[in-house]
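This report refers to the structure that appears directly beneath it.
The values are calculated or read from the model by the stated rules, or taken from the named source; none is laboratory data. In this text, all values refer to a predicted model and were calculated from it rather than measured experimentally. So basically every Cβ, Gly included, is an ideal-geometry build from the backbone, and we count neighbours across all protein chains shown.
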Amino acid sequence: MVRHLYVHIPFCPKVCPYCSFYKEASDRNKTQAFLDAVLSEAEMEADGLRPETVFFGGGTPTALSTPQLRYLIGGLRERIDFSGVREFTLEMNPATVSLEKAGAMLELGVNRVSMGVQSWDEELLKVLGRVHSGAQAERSYRILREAGVGNVNLDLIFGIPGQSRQQWLESLRRTIDLGPDHISAYCLTYEEDTEFFERFQRGEMAPESERDAGFFELAMEELEAAGYGQYEISNYAKAGRECLHNLGYWRAADYAGLGPSAVSTRAGWRRRNLADTAEYTRRVMLGEDRFESLERLDAGMLRAEQIALGLRTREGILPDTVDSRRGQALLAEGLLEPANDRVRLTRRGRLLVDEIAVELV
């Protein structure tokens, strides 16, 4: 039985120059056909799907109007058994938050909101191409709380070109002062098919590894001191507020994905939908193959993923995955440590998670 459902909404008020997720500018002429396609795909995927977590990502799911969200979520409930859903997350851009929309989401069963603040600094928001201000993000957060949203995550980015240590510290502390239930702190990466990657190739931008490592350490120090447990490399939560949906991914659970570019992993097969809204919609409505890729996951691939994903978590990985000579060396070097019946990264090891994962896989 598949317990996790992801729905990809590709529309955005504005395409950010650093974002590598499949997205496109909002287009009201495409929206209704897209919604109908997602509901048709849901009918195809409903067998064996009993979600405990639902996650609407994007793009910007709240680029949809309140009536459109009602149509989509109501339609999904008619096609998929939502009776066991424990966590229903909706991503929001601060520029798309309203009291009406927040109230409607709660009525529809959404009980967790993830809002992409990214930074509170006005100049850094301009660098990132965001359409909101810091003041607007704070108002939106307070609107969510006023509406009764009891579980809120705020996303932050560090490693932004020109960002100082003081700016990052102020961003962390302003976030902590608001008291969200969960904080995600991601290091900016230069991904293909983004404007930032093109600027990186032209030599206009570049990561600063030593600075970014310092920013990561600062995040760990500040957030843990404020009572946020680092349960995954980039994610911190108050006790009991860990994201159940993302924990499913990190534990290598099966999941179903709906919408353009969405990925599903079910019964040893991984499928990725076309990253093209118009073509995805056309094919789904005609009953044609909607997949961009389809692969069988063999035992070696599954083991490698379990190590790479498990290392990112506070839970860690099973000891038999580090029986190699290198694994034992990492324990001796203080980069790995025993934790209950598992092995996990130490604080120092978290700074080298990608390199360690490559060594163990």
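So how many residues does the stretch 313-346 have that are aliphatic (A, V, I, L, M) and in a strand (DSSP E or B)?
Selection size over the stretch 313-346: 5.
With respect to Arg282, is the statement that it is within 25 Å of Met1 (Cα to Cα), surrounded by fewer than 20 Cβ atoms within 10 Å (Cβ to Cβ), of a type in the set (D, E, K, R) and not assigned by TED's automatic domain parsing to the domain that holds Val38 true? Working first, answer last.
Values: within 25 Å of Met1 (Cα to Cα): no; surrounded by fewer than 20 Cβ atoms within 10 Å (Cβ to Cβ): yes; of a type in the set (D, E, K, R): yes; not assigned by TED's automatic domain parsing to the domain that holds Val38: yes.
No: the conditions fail for Arg282.
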In the stretch 241-265, the residues that are among the aliphatic types (A, V, I, L, M), within 13 Å of the chain's Cα centre (by Cα) and farther than 22 Å from Leu72 by Cβ: Leu247
So, of the residues in the stretch 150-171 that are crowded, with 19+ Cβ neighbours inside 10 Å and over 19 Å from the mean Cα position of the chain (by Cα), which turns out to be nearest to Lys238 (Cα to Cα)? Ser171
If a residue counts only when it is over 28 Å from Arg271 (Cβ atoms), which strands (runs of 3 or more DSSP E) contained entirely in the stretch 38-120 have at least 3 such residues? 112-118
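Across the stretch 1-18, what is the total count of residues that are assigned to a loop (DSSP other than H, G, I, E, B) and either crowded, with 22+ Cβ neighbours inside 10 Å or touching a Gly at 6+ places or on another chain (Cβ under 9 Å) (or both)?
Step one: of the stretch 1-18, the residues assigned to a loop (DSSP other than H, G, I, E, B) are 1, 10, 13-18.
Filter once more, so that each one left must be either crowded, with 22+ Cβ neighbours inside 10 Å or touching a Gly at 6+ places or on another chain (Cβ under 9 Å) (or both): 1, 10, 14-18.
Within the stretch 1-18, residues that are assigned to a loop (DSSP other than H, G, I, E, B) and either crowded, with 22+ Cβ neighbours inside 10 Å or touching a Gly at 6+ places or on another chain (Cβ under 9 Å) (or both) number 7.
So, in the stretch 199-218, of the ones that are exposed (fewer than 12 other Cβ atoms within 10 Å of the Cβ) and charged (D, E, K, R), which residue ends up nearest to the chain's Cα centre (by Cα)?
Initial filter on the stretch 199-218 (exposed (fewer than 12 other Cβ atoms within 10 Å of the Cβ)): 201-204, 206, 209-210.
Now drop any that are not charged (D, E, K, R), which leaves 202, 204, 210.
Values: Arg202: 29, Glu204: 27, Glu210: 25 Å.
Among those residues, the one meeting the criterion is Glu210.
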Within the stretch 315-330, is there a residue that is hydrophobic (A, V, I, L, M, F, W, C), in contact with an Asp or Glu (Cβ under 9 Å, 6 or more places away or on another chain) and buried (at least 16 other Cβ atoms within 10 Å of the Cβ)? yes
Every pair of residues 6+ apart whose Cβ atoms lie under 7 Å, when the first sits in the stretch 315-330 and is under 27 Å from Leu244 (Cβ atoms) while the second is in a helix (DSSP H, G or I) and among the β-branched types (Val, Ile, Thr): Ile317/Ile307; Thr321/Ile307
Report whether or not Val343 is closer than 24 Å to Glu242 by Cβ, outside the structural domain of Cys243 (by TED's automatic domain parsing), among the β-branched types (Val, Ile, Thr) and in contact (Cβ under 8 Å) with a residue 12 or more places away in the chain. yes
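Against the condition within 22 Å of Gln136 (Cα to Cα), in contact with a helix residue (DSSP H, G or I) (Cβ under 8 Å, 6 or more places away or on another chain), outside any loop (DSSP other than H, G, I, E, B) and of a type in the set (Val, Ile, Thr), how does Ile183 come out, does it pass? Walk me through it before giving the result.
Details: within 22 Å of Gln136 (Cα to Cα): yes; in contact with a helix residue (DSSP H, G or I) (Cβ under 8 Å, 6 or more places away or on another chain): yes; outside any loop (DSSP other than H, G, I, E, B): yes; of a type in the set (Val, Ile, Thr): yes.
Against the criterion (within 22 Å of Gln136 (Cα to Cα), in contact with a helix residue (DSSP H, G or I) (Cβ under 8 Å, 6 or more places away or on another chain), outside any loop (DSSP other than H, G, I, E, B) and of a type in the set (Val, Ile, Thr)), Ile183 qualifies.
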Can we say Met205 is among the aliphatic types (A, V, I, L, M), in the same structural domain as Leu49 (by TED's automatic domain parsing), at negative phi and in contact (Cβ under 8 Å) with a residue 60 or more places away in the chain? no
Cβ contacts < 6 Å: first residue touching a residue at least 12 places away in the same chain (Cβ under 8 Å) and under 23 Å from Val2 (Cα atoms), restricted to the stretch 49-73; second residue assigned to a helix (DSSP H, G or I) and of a type in the set (A, V, I, L, M), any location; separation 6+ or different chain. Result? Thr53/Leu244; Leu72/Leu35
